[in-house]
Amino acid sequence: VYNDARAIERSVDKAMTSFLLQRAGVPTPPAWALEDEAQARRIVMREAAAGHGLVLKPVFGSQGKGLQQVGAVAGAFVPLPPLSAVSGLAYLQRFVPQPESATAPGFDWRVLVVGGRARAAMRRVSAHWIRNVARGARCMHCELTPALAALAEAAADALGMDYAGVDLVPDASAAHGALVIEVNGVAAWRGLQRVTGFDIAQALVDDLLVRRLGVDLAEPLAQVCHF
């Protein structure tokens with residue numbers, strides 16, 4: 001376990017993630033977590049009336065499983081399903097639409113943060129609005145811009161994480177041109193490693209040894225490790 005257990009607990013709870021990002025001033029879509037079904041339905045109707053769709057997500061979930069769009073979806077109204085069908089709790093995050101076409105499908109970014117520093121990034125490209133690699137999105141190399149790096153580092157810091165996979169969506173109306181939608185504390189990085197020359201495993205090991213354990217890597221490892 002590399003991340004602190006409390007940091008992992010914060011990141012696996014999407015409602016807590018949204019709360020901490022908002023509190024730290026990290027740009028992220030509006031989100032709501034509710035047990036009251038009537039109140040949740042009012043929020044969906046209010047957002048739909050303003051032309052917004054919402055993503056209904058399991059509060060505890062990963063790899064894009066169980067995501068549904070509700071509210072204003074492709075010109076139609078999609079109602080909220082009964083909360084009994086989603087473990088009695090509605091976590092709703094405003095959907096951020098993107099212009100896309102058959103020749104230019106939509107994408108999001110995954111930025112890897114190690115030891116407080118953004119170290120590598122990729123685009124996850126898919127014609128489907130869920131762009132997790134586990135759901136078939138293609139990994140593509142992209143430049144880690146200062147704006148993406150700053151957002152990812154701020155998100156990881158807000159959750160107190162040593163190591164994070166930060167997911168961002170493009171949004172031209174946002175100050176940095178992107179919004180943070182999720183922060184993953186046990187992020188897989190096989191797909192990212194395929195499209196970057198940055199050695200992710202080595203960076204994780206070095207950060208753990210140097211920053212967390214105080215090892216001087218200039219010394220032979222056998223002198224500082226006891227087996």
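Checking every one of the GluC sites (Glu not before Pro) in segment 95-177 against DSSP loop status and a limit of 10 other Cβ atoms within 10 Å picks out E143. Mean residue ellipticity, 222 nm, helices only, the chain: the sum of -39500 (n - 2.57) across DSSP H runs of n ≥ 4, divided by residue count and rounded to 500, is -7500 deg cm²/dmol. The figure for L213 is an accessible area of roughly 110 square angstrom, using a 1.4 Å probe on the protein chains alone. Once C-alpha pairs closer than 8 Å and six or more residues apart are averaged by separation and normalised to the residue number of the chain, the relative contact order reads 20 percent. Among the protein heavy atoms, those of D207 account for about 20 Å² of accessible surface (1.4 Å probe, every chain in place).
DSSP loop GluC sites (Glu not before Pro) in segment 19-87 with at most 13 other Cβ atoms within 10 Å of their Cβ, which ones? Please list the in-between numbers first.
Values: sites: E35, E37, E47; in loops: E35.
Here the GluC sites (Glu not before Pro) that fit, given the DSSP loop and packing criteria, are E35.
Pairwise inverse Cα distances across segment 81-227, averaged and inverted, put the Kirkwood hydrodynamic radius at 17.1 Å.
Tell me whether segment 105-170 comes out rounded, prolate or oblate; compute the Cα gyration tensor, take square roots of the eigenvalues as a ≥ b ≥ c, and use a/c under 1.5 as the rounded threshold.
Numbers: a/c = 2.27, a/b = 1.86, b/c = 1.22.
Taking the square roots of the gyration eigenvalues as a ≥ b ≥ c, segment 105-170 is prolate.
Positive contributions from Lys and Arg (+1) and negative ones from Asp and Glu (-1), summed over other residues with Cβ under 12 Å from the Cβ of G71, come out at +3.
Carbon-plus-sulfur accessible fraction, segment 43-87 (probe radius 1.4 Å, protein heavy atoms only): 61%. Highest GNM mean-square fluctuation, the chain, Cα pairs closer than 10 Å: which of G185, G116, G75? Per the Cα network of the chain with a 10 Å cutoff, G75 tops the list.
Note on surface exposure: M45, M16 rank M45, M16 by accessible area, highest first, 1.4 Å probe. Using the Cβ of M16 as centre and a radius below 14 Å, the other residues enclosed give a net charge of +2, where K and R count +1 and D and E count -1.
The values are calculated or read from the model by the stated rules, or taken from the named source; none is laboratory data. A quick note: this is a predicted structure, and the numbers were derived from the prediction, not measured. We place every Cβ from the backbone using ideal geometry, glycine too, and count neighbours over all the protein chains shown. These area figures cover heavy atoms from the full protein model, side chains too; ligands, DNA and RNA do not enter into them. Shrake-Rupley method; radii C 1.70, N 1.55, O 1.52, S 1.80 Å.
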